[in-house]
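Below: one structure, written as structure tokens.
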Amino acid sequence: MQKQQSHNRLRSISKQVISFACILFLSFAFSSFNVIRVSTVTFTSEDGLQVTADEYVIEPGNPYVLLFHEQGSSRGEFKTIARRLCKLDYNCLAVDLRNGGNSNFVSNESAKEFNKSNLESGLSGIERDMMAAINYVIEKSELPVVLFGSGANGSLSLKIAVTEENVRAVVALSPGEYFLPEIKIQDTIAALQKPVFISSSKAEFPYVSELASGINEKYISLFEPKQGPGDRGTASLSLDYEQNTEYWIALILFFNELK
């Protein structure tokens, strides 16, 4: 009995130490005191659609992370995430894509413009918006960008990175085969030779592991939650999800390895 109680106390102390270490790690990672300047910008997609984005700048000369929301969502999905990434010394561009709606009380202005037009939706149209965002940033900074996408737009981030030379790395949260039969993402991204971070909920993990199975293991970081069931997409990084810390630590380690 005493041995069991001692073992339980040691486990409890270990958990406390790990939790404290995580808090210190995150506090250090997000310790920058630079002012983040936020502005709403517009640029034009190849087919003429006006695309709206929120630009978060911590230092003009820093590289950019391009943030692409879940389908049916908006740039508002990244309000908190963008500010945290800025603290890692990246500027951010949170983009409204045409396959969107509303998120965090922020309406998708690109989707509004698209709904008034006769332009093409689907994979080709969304890719045009994403490429327009890349071109907008490259005109401001010659540094290669990191694509950060959720859901279907995470899948397209992986696809674009295969051939786009201005892409340095990709973060894809809960990607999947959203565009069958037009294209099979698993086959397309097998040729990807850039650093990749993919996360998911625990239930999704076998599926996303199979999706990424063709990518050379030296390029990929697959994250499976250990402290609970996890969550899908950007919800896993939200303050509303109690176990978001393990996702953030894995993500921070990935970004640190890019430097």
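The values are calculated or read from the model by the stated rules, or taken from the named source; none is laboratory data. Remember, predicted model here, so these are calculated numbers, not experimental data. A quick note on method: Cβ atoms are made from the backbone with ideal geometry, for glycine too, and the neighbour counts reach across all protein chains shown.
Let me confirm something: among Ser141, Ser174, which residue is crowded, with 24+ Cβ neighbours inside 10 Å, in the same structural domain as Leu97 (by TED's automatic domain parsing) and in contact (Cβ under 8 Å) with a residue 12 or more places away in the chain?
One residue alone meets the criteria, Ser174.
Mind checking which residues of segment 235-250 are under 17 Å from Lys79 (Cα atoms) and either outside any helix (DSSP H, G or I) or of a type in the set (Val, Ile, Thr) (or both)?
If the condition is that a residue be under 17 Å from Lys79 (Cα atoms) and either outside any helix (DSSP H, G or I) or of a type in the set (Val, Ile, Thr) (or both), then Ser238, Leu239, Asp240, Tyr241 are the ones that fit.
Can you tell me how many residues within segment 185-203 are surrounded by 21 or more Cβ atoms within 10 Å (Cβ to Cβ) and more than 16 Å from the chain's Cα centre (by Cα)?
So the count comes out to 3.
Please enumerate the residues belonging to segment 74-89 that are part of a loop (DSSP other than H, G, I, E, B) and surrounded by 22 or more Cβ atoms within 10 Å (Cβ to Cβ).
Ser74
Residues to consider are Ser117, Ser39; find the one that is more than 16 Å from the chain's Cα centre (by Cα), surrounded by fewer than 22 Cβ atoms within 10 Å (Cβ to Cβ) and part of a loop (DSSP other than H, G, I, E, B).
The match here is Ser117.
Which pairs do you get when a residue that is under 22 Å from Asn62 (Cα atoms), found in segment 235-259, comes within reach of a residue that is among the basic types (Lys, Arg) and modelled with pLDDT under 95, reach meaning Cβ atoms under 6 angstrom, with the pair 6+ apart or on two chains?
Between residues of segment 235-259 that are under 22 Å from Asn62 (Cα atoms) and residues that are among the basic types (Lys, Arg) and modelled with pLDDT under 95, there is no close pair.
Quick one: which residue in Val65, Val51, Val95, Val106 is modelled with pLDDT under 95, surrounded by 13 or more Cβ atoms within 10 Å (Cβ to Cβ) and under 26 Å from Pro175 (Cα atoms)?
Among Val65, Val51, Val95, Val106, only Val106 is modelled with pLDDT under 95, surrounded by 13 or more Cβ atoms within 10 Å (Cβ to Cβ) and under 26 Å from Pro175 (Cα atoms).
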